[in-house]
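These notes are about the structure you will find just below.
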Amino acid sequence: MPKIITLPGDGIGPEVTAAAVQVLREVAPDVTTEEHLIGGIAYDREGQPFPDSTRAALKDADAVLLGTVGGAQDSDWNKLERKLRPESGLLALRQALGCYANLRPVRVQPGLEHLSPLKAELARGVDILIVRELLGGVYFDQDRKIEGSSAYNTMRYTTPEVERVARVAFESAQQRGGRLTSVDKANVLEVSELWRRDVQALHDRQYPGVQLNHEYVDSVAMLIVSDPSRYDVIVTENLFGDILSDLAAVIPGSLGLMPSASLGDGPGLYEPIHGSAPDIAGQGIANPAAAIMSVGMLLRHSLHRNDAADRVDHAVSLALRSHPSRDLGGQADTATFTRAVMDALSVPVG
Ligand code: NAD
Ligand code: IPM
Ligand code: MN
């Protein structure tokens, strides 16, 4: 019986996670779920954003389903020393799980082009997989400091770190359209020079059949929204991937349509890419689609139940057609959209 740890977290996290768990129970009734604390709420209750009780629960988990963490810009949590802040809890969780490859699919389902602010002919058929390196770069390097009127962080990568995430990207490309774009800033940064060299060398050694090209991150930021169909799989370092994936959310139409899977050494971590949305938290209007689609990714990548995953994706797509949520210009609140997904689960796929 698979065991899933759920970590609702802060803001809209509990709202979208409740919806996602409801869907999970329906399509995989044999799965057990166990809820634990993460983020600001964990700090408030246990004095730590990633408490020992949560860490211990990961031991016999098959996968982890996360909501969101963090508060508003003026939240008291942002005044804590950095290691006690909600976001540090999430980073510590990712590290504890060893999940270095963060898959962020960007898909415009047929018939849902109208939800995109882009022209329908640009949005139509977009199917990009962003593979974001998740455990390195400026996020984790210990060579960092703020002191007086000076501060620095360090963007450092080693060849093994580049190769392990690049391998996931090459293998994803082999199963999809066979094209990989590696995104860097090699015209300015040494760390990108290494990144580019290592990705190219791995390609030449092991994945010569994948069509690889290298592009600069500033240019990709323009091209991904002006000509998204040029991309199949994108691989990039942690910070670039964070920024590009929020930008790419414009293509389907909302951050609320962007799920993710983080894979690596241990159980997979599944989370929407959006944040805790303090501006709408507690109002019952958050779009739970990204959290529900993250359940789809969990079923596919951790439980290897592709049929159940297809049912979830199909139901979300039908619900987006019939009951678009407010972030997409529709009327549906969280409960209405979730009910539409639950109803659509009984519609045969295909
Ligand atoms: P955000 O993603 O929370 O919100 C950006 C905008 O998108 C807001 O207007 C919000 O209302 C909207 N939005 C996001 N998700 C939505 C959804 N599912 N349905 C409808 N609208 C949605 O970004 P932010 O405001 O910059 O960050 C808020 C907090 O979340 C910060 O504390 C930040 O650190 C944290 N954060 C956490 C995660 C995470 O837990 N993985 C990710 C990003 C940001
Ligand atoms: C995300 C978030 C996190 C990140 C923050 C909250 C630590 O923005 O999951 O994209 O930067 O990775
Ligand atoms: Mn982000």
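The values are calculated or read from the model by the stated rules, or taken from the named source; none is laboratory data. This is a predicted model, so every value here is computed, not measured. We place every Cβ from the backbone using ideal geometry, glycine too, and count neighbours over all the protein chains shown. All accessible areas refer to the heavy atoms of the entire protein, side chains included, with ligands and DNA or RNA removed. Shrake-Rupley method; radii C 1.70, N 1.55, O 1.52, S 1.80 Å.
Checked against (1) crowded, with 23+ Cβ neighbours inside 10 Å; (2) among the hydroxyl-bearing types (Ser, Thr, Tyr); (3) free of Cβ contacts under 8 Å to residues at least 40 places away in the same chain, THR33 passes all but a single condition, namely (1).
Confirm whether GLN211 is touching a strand residue (DSSP E or B) at 6+ places or on another chain (Cβ under 8 Å) and closer than 30 Å to SER116 by Cα.
Values: touching a strand residue (DSSP E or B) at 6+ places or on another chain (Cβ under 8 Å): yes; closer than 30 Å to SER116 by Cα: yes.
Yes; evaluated as a whole, the condition is true for this residue.
Among the residues making up segment 97-118, a single one is under 10 Å from ILE251 (Cβ atoms) and among the hydroxyl-bearing types (Ser, Thr, Tyr): SER116. The set of residues in segment 212-242 that are open to solvent by less than 30 Å² (accessible area, probe 1.4 Å), touching a Gly at 6+ places or on another chain (Cβ under 8 Å) and within 16 Å of ligand 1 (Cβ to nearest atom) contains only ASN238.
Here ALA289 clears all of (1) hydrophobic (A, V, I, L, M, F, W, C); (2) crowded, with 24+ Cβ neighbours inside 10 Å; (3) assigned by TED's automatic domain parsing to the domain that holds THR159 except the condition numbered (3). Residues that are open to solvent by less than 40 Å² (accessible area, probe 1.4 Å), in contact (Cβ under 8 Å) with a residue 24 or more places away in the chain and away from ligand 1 (no atom under 15 Å from the Cβ) number at least 1 in the following helices (runs of 4 or more DSSP H) confined to segment 85-177: 120-123, 159-175.
Out of segment 1-38, which residues are assigned to a helix (DSSP H, G or I), within 21 Å of the chain's Cα centre (by Cα) and more than 16 Å from ligand 3 (Cβ to nearest atom)?
First, pick out the residues of segment 1-38 that are assigned to a helix (DSSP H, G or I): 13-27.
Filter again for within 21 Å of the chain's Cα centre (by Cα), leaving 13-24.
Within segment 1-38, PRO14, GLU15, THR17, ALA18, ALA19, ALA20, VAL21, GLN22, VAL23, LEU24 qualify.
Look at (1) open to solvent by less than 20 Å² (accessible area, probe 1.4 Å); (2) in the same structural domain as ALA61 (by TED's automatic domain parsing) and you find that PRO348 fails only one, number (1).
Is it the case that segment 26-48 has a residue that's small (Gly, Ala, Ser) and within 29 Å of ASN306 (Cα to Cα)? Within segment 26-48, one or more residues are small (Gly, Ala, Ser) and within 29 Å of ASN306 (Cα to Cα).
Rundown of residues vs (1) under 20 Å from SER116 (Cα atoms); (2) in contact with an Asp or Glu (Cβ under 9 Å, 6 or more places away or on another chain); (3) open to solvent by 10 Å² or more (accessible area, probe 1.4 Å), yes/no style:
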| residue | (1), (2), (3) |
| --- | --- |
| GLY266 | no, no, yes |
| HIS274 | yes, yes, yes |
| LEU320 | yes, no, no |
| GLY329 | yes, no, yes |
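Listed conditions (1) surrounded by 18 or more Cβ atoms within 10 Å (Cβ to Cβ); (2) in contact with an Asp or Glu (Cβ under 9 Å, 6 or more places away or on another chain) are all met by GLU46, apart from (1).
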